[in-house]
Amino acid sequence: ENSKFKKYTISQLKIGKKVSITRVINNTFLTESLNYLKDNHPIHTSSEWAKSLGYKKKIIPGFAITSFFSNLIGTKLPGIYCVIMNLNFTFKSPVYVNDKLTFICKISKIHKLFKVVKLELFVIKKNTKVVLGIASCKILK
């Protein structure tokens with residue numbers, strides 16, 4: 001049952017190792033995210049409101065976008081033996097419905113003694129980094 005998960009121990013992880021996934025953010029994702037997050041801010045629900053604030057149309061919530069990293073970190077890299085200790089994201093540019101995004105998770109530092117891995121996280125849209133992140137994960141094996 002756990003065969004779909006990556007099972008890296010601290011000694012198997014290497015600086016520079018990375019994984020990525022690509023997703024198109026559709027309207028269903030927006031609707032389901034807003035429902036789950038209980039976020040009814042007009043910048044996410046009204047293109048008219050978003051345009052009045054300088055955006056092209058309504059924008060996808062940042063928490064919805066960064067939620068893809070939960071799967072990427074927990075199942076692919078560092079994988080099933082990790083728990084996230086902290087996360088930090090910077091949102092550089094808006095994400096809209098129908099944007100195609102690539103999510104990248106890359107190991108930037110390994111503290112073998114403490115079994116902690118530092119990750120660089122990126123969301124890329126049309127060759128531009130729209131979200132930058134860092135994370136620390138404890139490796140439990």
Would you kindly find the accessible area of TYR55, with a 1.4 Å probe and non-protein molecules such as ligands, DNA and RNA excluded, rounding to the nearest 10 Å²?
-> 80
Note on the chain: C-alpha Rg/Rh, Kirkwood Rh, two decimals, gives 1.03
Relative frequency of Cα-Cα separations exceeding 14 Å in segment 1-80, percent = 70
At q = 0.17 Å⁻¹, what base-10 log of I(q)/I(0) does the Debye formula yield for segment 87-138 when every alpha carbon is treated as an equal point scatterer in vacuo?
-> -0.55
Give the angle, between 0 and 90 degrees and rounded to the nearest 10, that separates the Cα long axis of helix 27-37 from the longest principal axis of the Cα atoms of the chain.
-> 70
Two-decimal Rg/Rh across segment 71-110, once Rg and the Kirkwood Rh are taken from alpha-carbon atoms | 1.03
According to the Cβ-distance criterion of 4.7 Å, cysteines of the chain with no possible disulfide partner are CYS105
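The values are calculated or read from the model by the stated rules, or taken from the named source; none is laboratory data. All of these numbers come straight from a predicted model, not from anything done at the bench. For neighbour counting, all protein chains shown are included, and Cβ atoms are generated from backbone atoms with ideal geometry for every residue, glycine included. Surface areas here come from the heavy atoms of the whole protein model, side chains and all, with no ligands, DNA or RNA. Shrake-Rupley method; radii C 1.70, N 1.55, O 1.52, S 1.80 Å.
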